[in-house]
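The values are calculated or read from the model by the stated rules, or taken from the named source; none is laboratory data. Predicted model only: the values in this text are computed from it and were never measured. All Cβ positions, even for glycine, are placed from backbone atoms using ideal geometry, and neighbour counts span all protein chains on display. Just the protein is used for accessible areas: all its heavy atoms, side chains included, with ligands, DNA and RNA removed. Shrake-Rupley method; radii C 1.70, N 1.55, O 1.52, S 1.80 Å.
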Amino acid sequence: MTDRADTPDDPGRDGLRTEQHGFVPADGPAPRGHASNGIGRSNDADGSNGAAGPNSVGGSNGAAGSERVTRPLAGDADLASAPGVGPGIGGHGGGDAAGRGPAAQPPLEGDQKPAAAGLPAANTAKSGRRVIRAGRDLPAAIAVGIVLGAVILVPLFTFYPIWVGVVSAAVAIGTYEVVRALHVAGMTVPLVPLAAGAVAMPVAAYSAGTNGLVLALAGTILAAVAVRGVRDPAAANSAARLRDFAACAFTAAYVGFPAGFATLLTSAPDGHWRTIAFLGTVVASDIGGYTAGVLSGGRHKLAPSVSPGKSWEGFAGSIVGCVIVGAVLMTWPLDGEIWQGALLGVATACSATVGDLGESLLKRDIGIKDMGSLLPGHGGIMDRLDSLLCTAPVAWLLITAFLG
């Protein structure tokens, strides 16, 4: 579940901003009687009750100023001059070519802000109604999801070692994406020992259980720290060195270690169905949250400072989807109880959301949009693994406690 999953109308940091911006004349500062952004003031010579000057922007009740060339402020190159942005922008928010005030417009639904004068709102139709817009390339996302499902399910129901290899390959790529992101943040983190450890941890968990998984985690951290220490120049800052050591431990514990719990699920005779229960509830969390966000508009934000796309409506949809799928999978193929499946569903919805928000916080702190671009419609591998990795230990613990 990603930060785009459950609110369809959030354009994100890279989307079109809908707040009104001032425009700066191409020929220098505005003459006397003009506001600094080129919009006339109501009490000046070319404001709402006066006649427009030769280079002015017409007031809401006055005559229009002559047409002029405007350029957008830096950072708003996409807001080029459009009809209604040069002449005829009223002192009270935008008039027509004759200097008249703006025509009455129907109110927008929800909390959508109006667009700047003469420019369409990012998510508003001509009628002023909210337009539902997905935050991802939905056809590509569905196609990639089907392919990933086949890659996972075929070895899971045929030959477990292939399944373990699929998990190891996925977390190796995920480790590469995390290390690359940490390098963007200015940290020196060695890729080779961390990627090798990410491959080794799921294999160790499958072959030697929890003890093997913990030992593989410790070995990975020690190897990464040792390589980082050898590369450290003699005059390196000690605080930066400790920061890099912590980043090595974080990467190993964030990617490879939780992936080991996904392979631990296959140690039981019905391990394939246990793994399906884990994967199915996570997928239900993503689909339920996305669907509820689309239908509701996602007006009540869950964590706007971390992930503007997450909403309480989407979280409720995640819980409903997880509870239904968890109850079905725990009672039908696994012979468990309905309440056990419901509890698994609630726990999965919470852990999947925490995993998604955690990765969003990491990306926001580093200053990147996606961890990668390997999966069309999804982003990078880590943009798909975030919820799964956070949920794998929780699912293993609960399913093992319920079924032994």
Identify the residue in the stretch 128-169 that is of a type in the set (Gly, Ala, Ser), open to solvent by 20 Å² or more (accessible area, probe 1.4 Å) and farther than 17 Å from Val283 by Cα and, among all such residues, is modelled with the lowest pLDDT. Ala134
Residues in the stretch 183-224 that are at pLDDT below 95, among the hydrophobic types (A, V, I, L, M, F, W, C) and in a helix (DSSP H, G or I): how many? 1
Can you name the residue in the stretch 302-359 that is of a type outside the set (Ser, Thr, Tyr), open to solvent by less than 10 Å² (accessible area, probe 1.4 Å) and under 30 Å from Ala181 (Cα atoms) and, of all such residues, is modelled with the lowest pLDDT? Gly309
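Taking the stretch 360-404 as the search range and keeping residues that are outside any helix (DSSP H, G or I) and open to solvent by less than 30 Å² (accessible area, probe 1.4 Å), which one is nearest to Leu264 (Cα to Cα)? It would help to see each step written out before you state the result.
Step one: of the stretch 360-404, the residues outside any helix (DSSP H, G or I) are 367-381, 404.
Checking which are open to solvent by less than 30 Å² (accessible area, probe 1.4 Å) leaves us with 371-372, 375, 377-381.
Details: Met371: 27, Gly372: 28, Leu375: 26, Gly377: 30, His378: 27, Gly379: 27, Gly380: 25, Ile381: 21 Å.
Within the stretch 360-404, the match that is nearest to Leu264 (Cα to Cα) is Ile381.
Conditions tested, residue by residue: (1) aromatic (Phe, Trp, Tyr); (2) open to solvent by 30 Å² or more (accessible area, probe 1.4 Å); (3) more than 28 Å from Ile152 (Cβ to Cβ).
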{"position": "Val203", "(1), (2), (3)": "no, yes, no"}
{"position": "Leu222", "(1), (2), (3)": "no, yes, yes"}
{"position": "Arg228", "(1), (2), (3)": "no, no, yes"}
{"position": "Asn237", "(1), (2), (3)": "no, yes, yes"}
{"position": "Tyr254", "(1), (2), (3)": "yes, yes, no"}
{"position": "Thr266", "(1), (2), (3)": "no, no, no"}
{"position": "Val283", "(1), (2), (3)": "no, yes, no"}
{"position": "Thr291", "(1), (2), (3)": "no, yes, no"}
{"position": "Ser296", "(1), (2), (3)": "no, yes, yes"}
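Just to check your reading of the model, which residue among Pro202, Pro193 is in contact with a Ser or Thr (Cβ under 7 Å, 6 or more places away or on another chain) and more than 18 Å from Ala262 (Cβ to Cβ)? So that I can check it myself, show each step before the final result.
Numbers: Pro202 fails: more than 18 Å from Ala262 (Cβ to Cβ).
Residue meeting the stated conditions: Pro193.
In the list Leu374, Leu295, Leu344, which residue meets the criterion of being among the aliphatic types (A, V, I, L, M) and closer than 28 Å to Ala208 by Cβ? Lay out the reasoning, then the answer.
On the way: Leu374 fails: closer than 28 Å to Ala208 by Cβ; Leu295 fails: closer than 28 Å to Ala208 by Cβ.
The match here is Leu344.
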Kindly indicate whether Gly186 is at positive phi, surrounded by fewer than 23 Cβ atoms within 10 Å (Cβ to Cβ) and of a type outside the set (Val, Ile, Thr). yes
